[in-house]
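Structure, as structure tokens:
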Amino acid sequence: MAVRAASHTKVNLSFKSLTDLAAFKNECACKDFYIDRDSLTLVGTFSEEQLKIATGKYFALYYTEAK
């Protein structure tokens with residue numbers, strides 16, 4: 001089965017606490033990201049599964065950047 005290039009999406013994940021942000025980052029082994037600590041936001045490229053974990057387990061909000 002081929003992996004599609006569109007399986008990862010660049011988004012901003014906004015967390016309620018730095019603890020939740022760090023726990024998600026460590027659980028998902030994120031590779032392409034940066035952290036905005038002032039806004040508790042993790043910006044990067046994530047798979048659909050990682051987005052489900054962020055929103056379901058850590059109650060993060062996410063949005064894509066406008067092009």
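Bear in mind these aren't lab numbers, they're just calculated from the coordinates by the rules spelled out. Everything numeric in this text was worked out from a predicted model, so none of it was measured. All Cβ positions, glycine included, derive from the backbone under ideal geometry; neighbour counts span all protein chains shown.
Values as computed for the structure displayed
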item	result
Extent along principal axes [Cα atoms of region 17-63; Å; largest to smallest]	26, 21, 21
Among 12-23, 30-41, the order from most to least packed when residues are scored by Cβ within 10 Å on average	12-23, 30-41
